[in-house]
1. Only one residue in LYS135, LYS128, LYS192 is modelled with pLDDT under 90, closer than 21 Å to PHE76 by Cβ and open to solvent by 20 Å² or more (accessible area, probe 1.4 Å). Which one?
2. Out of (1) over 15 Å from the mean Cα position of the chain (by Cα); (2) buried (at least 18 other Cβ atoms within 10 Å of the Cβ); (3) of a type in the set (Val, Ile, Thr), what's the single condition that is false for THR97?
3. Would the range 144-167 turn up any residue that is more than 27 Å from ILE57 (Cβ to Cβ), among the aliphatic types (A, V, I, L, M) and modelled with pLDDT under 90?
4. Is there any pair with a first residue in the range 182-193 that is closer than 18 Å to ILE112 by Cα and of a type outside the set (S, T, N, Q) and a second that is surrounded by 11 or more Cβ atoms within 10 Å (Cβ to Cβ) and at pLDDT below 80 whose Cβ atoms are under 8 Å apart and which are 6 or more apart or on different chains, and what are they?
5. Take the range 138-156 and flag every residue that is crowded, with 17+ Cβ neighbours inside 10 Å and hydroxyl-bearing (Ser, Thr, Tyr).
6. Going through SER86, SER184 one at a time, which residue ends up being at pLDDT 90 or above and open to solvent by 20 Å² or more (accessible area, probe 1.4 Å)?
7. Taking the range 104-161 as the region of interest, how many residues are aliphatic (A, V, I, L, M), over 15 Å from LYS177 (Cβ atoms) and free of Cβ contacts under 8 Å to residues at least 60 places away in the same chain?
8. Of the conditions (1) under 20 Å from MET49 (Cα atoms); (2) open to solvent by 20 Å² or more (accessible area, probe 1.4 Å), GLY118 fails just one. Which one is it?
Amino acid sequence: MSAAVVGFSLELEIRLVPIPTIRRTVICITPDGRRSFHRCAVLEKVGSMDQNEVAMIFNDSYERVMRAFGKSGEFFSAFYALLIASSPEAANKFRDTDMAKQVQMVRASVAIMVAFYGKGVQDDYLLKLAERHSKRGADIAPRLYSVWMDCLLETVRRFDSKFNDDVATAWRSVLSKGIEFMTSSYEKGEEKLL
């Protein structure tokens, strides 16, 4: 991957940092059957953007939505209000939930998924997050993640004054990898998610 996460403050500041192109070894088989090894620069593409562009667009948009109304918690509160209004199933999942605490949890969850995108490696936090959302945990069915993503992007659109297709693509790209891991872990539950 060509982006990495620098770290989070107590406010869970999220920032992807572009990294110079990755060098990978490519193995080619010559016509006579011999292997030839080549080092080449690879910068993975997301649509028409490379990952550095995705990281910069995501970073800028994230900063705008966190500062849109002066308080970063407002973005995630608005997201949950939209999610609950959009899906009776999601509303039922949050029926007896302390939403102030949930807002902090979703901020941490987004940070975990951003880290997964940046590092390209699952860590204990992502494994625990997937476990908590699995069939044996909170039972968040895979179909709810598309509703989650649609509501998140709509909230980004409302809070980001520079929202456009590239911003939507950046958010979707950064979070989709974590969502794919979560949905693939749904049936595993308490089993080892390795």
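1. Numbers: LYS135 fails: closer than 21 Å to PHE76 by Cβ; LYS192 fails: closer than 21 Å to PHE76 by Cβ.
The conditions single out LYS128.
2. (2)
3. Checked the range 144-167: no residue is more than 27 Å from ILE57 (Cβ to Cβ), among the aliphatic types (A, V, I, L, M) and modelled with pLDDT under 90.
4. Hits for this filter: LEU193/GLN122.
5. Listed by number, the residues that qualify are TYR145, THR155.
6. On inspection, the qualifying residue turns out to be SER86.
7. Matching residues across the range 104-161 total 7.
8. (2)
The values are calculated or read from the model by the stated rules, or taken from the named source; none is laboratory data. A quick note: this is a predicted structure, and the numbers were derived from the prediction, not measured. When we count neighbours, we look across all protein chains shown, and the Cβ atoms used for this are built from the backbone with ideal geometry, even at glycine. Ligands, DNA and RNA are excluded from the accessible area calculation, which covers all protein heavy atoms including side chains. Shrake-Rupley method; radii C 1.70, N 1.55, O 1.52, S 1.80 Å.
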